[in-house]
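Visitor: For reference, the structure I am asking about is given below.
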Amino acid sequence: MMTRFISLIFLPLLAGCGSTGTAPQKASDDFNAGEIIKSDIDRFAEAHQREVFAELKVLMEKLYRRNPREWKKSGQESMEAAVARVFNINVSHGWTFAELENKRGVEAIHLAFHEDFSGDRVLAFIAGLGGMVQTSFNDKTEFFLLDDLDPQALFNAARNVEIAVWKLSNATAPDGALYLISNETAGPVKNLSFEREFGKIIGGLDLLSKVIADKTNRTVAKVFQSLAGAIFLPVRF
């Protein structure tokens, strides 16, 4: 009853708080009445969500540096502009882009490795991951007492990131060349910086899934697949 009473009082304050437009922004230091009805889990979820999208932004920059031809396909004036249009918190794109045929999530990730796709593969890969992860967060960027995250969706999102990383490292065009260059394994010094960044995302999603499952006494079905030929798991139930 108390939770319901509080929600009725503050519901008008929460209208429009969540957004599917872009990555979540850093929490403001200014007082926000909505903070009154956030639990510790809500704040924990928001912090981990911000970290996941910060890592995705770093990965997009790194992929563009290794594959500079890609951002030029989108008609952007610079790599920085290509990244900003995806992660600018003031731009509402819902993780869909016209040049990606408005595909979102897993469909966009598949597009990044499609032989006939002539567009920006980095955009398809990162925006696809962003949309998929955002879906696992119920398409919200702020969480309150009445919001209910699904630990299974977050666990599945982590597995989907693993599958996407495998594709990034192994999917090749008909001529045998990788669609996108990431880790550098040739030569005396190996550069596995991409692997480390993706590891942070996977670890963050797994940790959040476990915390929510423990807090809500829910069981997560831990489905693991061989990455070669693995299919993406659902992140909305």
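Visitor: Could you sort out which of Lys62/Lys222; Lys38/Lys215; Lys167/Lys200; Lys62/Lys200 sit more than 20 Å apart by Cα distance in this structure?
Guide: Check vs 20 Å cut-off fails for Lys62/Lys222.
Visitor: How high is the relative contact order of the stretch 39-216, in percent, with contacts defined as C-alpha pairs under 8 Å that are six or more residues apart?
Guide: 25
Visitor: Find which of Pro151, Asn102, Ala213 sits farthest along the positive direction of the dipole of the stretch 39-216, computed with +1 on the beta-carbon of Lys and Arg, -1 on that of Asp and Glu, about the Cα centre.
Guide: Asn102
Visitor: Cβ neighbours within 10 Å, averaged per peptide: list 64-71, 212-219 in order, most packed at the top.
Guide: 64-71, 212-219
Visitor: Can you list the aspartates and glutamates whose alpha carbon is less than 14 Å from that of Lys103, not counting same-chain residues fewer than 8 positions off?
Guide: The reachable aspartates and glutamates, counting only those whose Cα sits under 14 Å from Lys103, are Asp120.
Visitor: Then there's this: For a label point 7 angstrom out from the Cα of Arg65 toward its Cβ, which stretches of the stretch 148-187 have the backbone nitrogen within less than 15 Å?
Guide: 181-184
Here, each number is a calculation from the coordinates, and none is a lab measurement. All values reported here derive from a predicted model rather than from experimental measurement. Heads up, the Cβs are rebuilt from the backbone with ideal geometry, glycines too, and the neighbour counts pull from every protein chain shown.
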